[in-house]
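These notes are about the structure you will find just below.
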Amino acid sequence: MILLNIFQCCSLIFFQPLFRKKHKKLLAYKLSYNNYLIYLLLAGFIFTSSCVRSDDIPDFSSSNTGPYIINTSYLDIVKENLESDPILQEEYQLLINGANRFLSHNFRFVTEKPQVPPGGSINDYVSISRYWHPDSTGAHTIYKDGITNPLVEQFDRPKLAEMSSGVFTLALAYYMSGDEDYAEKAADILRKWFFEPYTRMNPNMNFAQIRLGVPDTGGGGSPGIIDANDFIQVIDAASLIYDSASWSGQSHIQLKEWFYQFSRWVIRNYNADAYSTTNVSTWLDVQRAIYFMLSEQEDKLNSGFYIPPVSDRINTHFDATGNQPNEVTRGRPQHYVYFNLRGYMNLTHLRRNRTVADRDWQLLDKEDIGGLKPALDMIADYITGNQLPGTFVTEPGFDDCRYYELMRPAALAFSSLYYESAANQLLNRGCRNSAITLVYPSLELLNNADQP
């Protein structure tokens, strides 16, 4: 297996220039079989040192300690009540319909892109900075906050989002239905994205959110790390299919190895205080925490060197009224206020679900949690029509149904009937999100399940 990995890795390194020109048609270069073997042996001799496992990767166990944000005991209660609850039945069917569409979908991978940045590899993730637009010379030097550059669609960002959505939907459908077809498809996508040499993504984001025509932009240290948010639900998805016939213990070890390498890259490029005043820091905390949990680095979770205490984040992001001064001034203020709170809900459930004493949950579990609870109250007040005039920032085109993704997790995390009432009002208005409804069931359902 080690020799095979070296063989595959060195093949990619040696023939990288060919891949950059036409990576899908390697045979078009008409290398004879004998020459290919000679070149490959030379490549293996020269590059073996660069192909062996980097970062001193530990020997991981094949055990599954996830999922980390999802609580599977809640999913089990939902499964037991599917037949008796019309809303759960409807949401379950929506989930299955979505999973069925993904079964026949052809997913794209990072090796399928129009160009590779200088110094990069075809396996490197590449995305274009979303809000930077070209000037008269073609260089992306004009910033338009909230207005997406259409070139974003030509590189790897849409592929990552699609992969994440597909894998999560399929994995959740497998867990809820037991249908192996869903696990098989999810596992195939995961192997191609993370393991297989000709489609895998390298464990870095050195070329995330680059600005075309502007040197030394994007990559390590840039806000492009926000693209990696899609890995969060991918990690939980892998845990959901862990017991299937399609996902082996060795596959889980390989996933741990990949995210160990990626976590080391994140640590090298982003200190604990990176982007501390914006939503990027919230999502970085979620990312680091779930990478550490998967890759058996739990000793880092309560270390301020890697992840600042949540109280520091809350005090920086919110004022006493729940307002988010650094987000409401953005080009899309309602979106970014919501988006930051989405990060906090992921962080809250990740910390809450730990089976050992957790530094941040000790604070989050209290009623007095700085500006986070007032911020959630503000959203609930807006949904229920109880907000004070002039206290809530809106924007044209924002879909209020997105608040369902906040109120359901918040109700469960903080046992709040008020947040649950707000979520139910959104349901009554026709808002639907099958994953949220199934993963974060109602307090009433959970309380009834606890009854003898």
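The values are calculated or read from the model by the stated rules, or taken from the named source; none is laboratory data. Owing to the predicted nature of the structure, the values given are computational and were not obtained by experimental measurement. Positions of Cβ are backbone-derived with ideal geometry, glycine not excepted, and every protein chain shown enters the neighbour counts.
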Test: residue in the stretch 419-430 that is under 17 Å from residue 89 (Cβ atoms) and within 26 Å of the chain's Cα centre (by Cα): yes
Elements of type helices (runs of 4 or more DSSP H) in the stretch 273-330, at least 1 residues being more than 25 Å from residue 392 (Cα to Cα) and not hydroxyl-bearing (Ser, Thr, Tyr): 279-294
Residues within the stretch 213-253 that are touching a strand residue (DSSP E or B) at 6+ places or on another chain (Cβ under 7 Å) and either surrounded by 19 or more Cβ atoms within 10 Å (Cβ to Cβ) or part of a helix (DSSP H, G or I) (or both), tallied: 7
The stretch 373-398 residues that are at pLDDT below 95, paired with ones that are among the hydrophobic types (A, V, I, L, M, F, W, C) (beta carbon under 6 Å, 6 or more apart): 393/328
Number of positions in the stretch 295-320 that are hydroxyl-bearing (Ser, Thr, Tyr) and in contact with a Phe, Trp or Tyr (Cβ under 6 Å, 6 or more places away or on another chain): 1
Qualifying residue in the stretch 188-198 (condition: within 21 Å of residue 307 (Cα to Cα), at pLDDT 95 or above and in a helix (DSSP H, G or I)): no
In the stretch 357-368, residue nearest to residue 309 (Cα to Cα) [restricted to those that are out of contact with any helix residue (DSSP H, G or I) (no Cβ under 6 Å at 6 or more places or on another chain) and touching a residue at least 12 places away in the same chain (Cβ under 8 Å)]: 359
Selection from the stretch 117-129 of residues that are out of contact with any strand residue (DSSP E or B) (no Cβ under 7 Å at 6 or more places or on another chain) and under 13 Å from residue 212 (Cα atoms): 118
Candidates 447, 386 - the one that is part of a helix (DSSP H, G or I) and loosely packed, with under 14 Cβ neighbours inside 10 Å: 447
Residue match in the stretch 433-442 (condition: farther than 23 Å from residue 80 by Cα and either surrounded by fewer than 22 Cβ atoms within 10 Å (Cβ to Cβ) or charged (D, E, K, R) (or both)): no
Filter result (of a type in the set (Lys, Arg) and surrounded by 20 or more Cβ atoms within 10 Å (Cβ to Cβ)) within the stretch 271-314: 288, 313
Residues of the stretch 91-130 classified as assigned to a loop (DSSP other than H, G, I, E, B), crowded, with 18+ Cβ neighbours inside 10 Å and either more than 22 Å from the chain's Cα centre (by Cα) or of a type outside the set (Lys, Arg) (or both), total: 11
